[in-house]
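No lab work stands behind these numbers, since they all come straight from the coordinates. In this text the structure is predicted, and so the values were computed from the model without any measurement. FYI the Cβ positions are ideal-geometry reconstructions off the backbone, even for glycines, and counts take in every protein chain you see.
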Amino acid sequence: MAKTPAPSKSAAPPKSVAAPKSTTVPARETEDLSALVKKHIKKGASANLLTWVILGGKNFMPKQPVSDFDFLTASDKGITKQSLINLADIMDIPMKDIAILLNVSYKTLGRKQNTDILDSLVSSLSIEIANTIANGLSVFEEADKLNRWLQKENRSMNGKKPIELLSTPTGIKMVNRVLNRIEEGIYT
């Protein structure tokens, strides 16, 4: 009588493995974010409030910011990748361009989960860019108009596109200065 071989350990049925819990924040639809931003613009919201909304509202910071110090605290703690996704949606640019603005590798950014916290320098620059976008939305009152302006060469910026200057604090300051001039009616 032939012996039947004992089942090998490798032939044992695999143990049931629970699917990993999702660590992503459900992305807000672009239309919803845009509508929310438009609503706040019509109400004459401050740049700080618009910045807060753009970066995710309560998902970004539990309470509405009272001062710039609240944003400093947020940048020290770090913001999530989801805040960058929201910013890219409002700016109507791909995440690859956000990575370029923030001087980070697109591949590294792509590997991060939406809830992953970014370092304080990237977070700080992201908040400054979002604040500049909020200022621009206050001036142009529509994301489409602002985004067209960001993509056009500008004489007061030595022929550069405003979006090209958003990768450094000095460039951000220059873009904000031009936006303020437009708002005051000085810009030609």
Original post:
Looking at the P(r) of segment 47-139, how many percent of alpha-carbon pairs lie beyond 23 Å?
Top reply: 14 percent
Subject >> ³J(HN,Hα), Karplus 6.51/-1.76/1.60, whole Hz, each residue of segment 99-115, x for Gly, Pro >> reply: 4, 5, 4, 8, 6, 10, 5, 4, 5, 4, 5, x, 6, 6, 6, 4, 8
**OP:** Report, to two decimal places, the Cα Rg of segment 117-188 normalised by 2.2 N^0.38 Å (N = number of residues).
**Re:** 1.09
Original post:
Given 0.36 nm per residue, what is the gain on full extension from Lys77 to Arg177 after removing their alpha carbon distance, in nm?
Top reply: 33.2 nm
Subject >> Where labels lie 7 Å past Cα in the beta-carbon direction, separation of Asp119 and Lys152 in nm >> reply: 3.8 nm
Original post:
Exactly which trypsin sites (Lys or Arg not before Pro) in segment 48-106 are in a DSSP loop and have at most 15 other Cβ atoms within 10 Å?
Top reply: Lys63
**OP:** Evaluate segment 28-184: find the radius of gyration of its Cα atoms, find its Kirkwood radius, and give the ratio Rg to Rh.
**Re:** 0.93
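What is segment 58-133's relative contact order, in percent, from Cα pairs under 8 angstrom and six or more apart in sequence?
On the way: 64 pairs, mean separation 31.5, N = 76.
Normalised by residue count, the contact order of segment 58-133 is 42 percent.
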Original post:
Given H placed on each backbone N at 1.01 Å, which residues far from Asn154 in sequence or on other chains put an amide H within less than 5 Å of it?
Top reply: Gly159, Lys160, Lys161
Original post:
Once phi is turned into θ = phi - 60°, what whole-Hz ³J(HN,Hα) does the Karplus curve with 6.51, -1.76 and 1.60 give for every residue of segment 125-131, x standing for Gly and Pro?
Top reply: 5, 4, 5, 5, 5, 4, 5
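Please give me, ordered by residue number, the trypsin sites (Lys or Arg not before Pro) of segment 140-175 that lie in loop per DSSP and have at most 16 other Cβ atoms within 10 Å.
Within segment 140-175, the qualifying trypsin sites (Lys or Arg not before Pro) (loop, at most 16 other Cβ atoms within 10 Å) are Lys152.
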Subject >> Label-point gap, in nm, between Val66 and Glu184 - each point 7 angstrom along Cα→Cβ >> reply: 3.0 nm
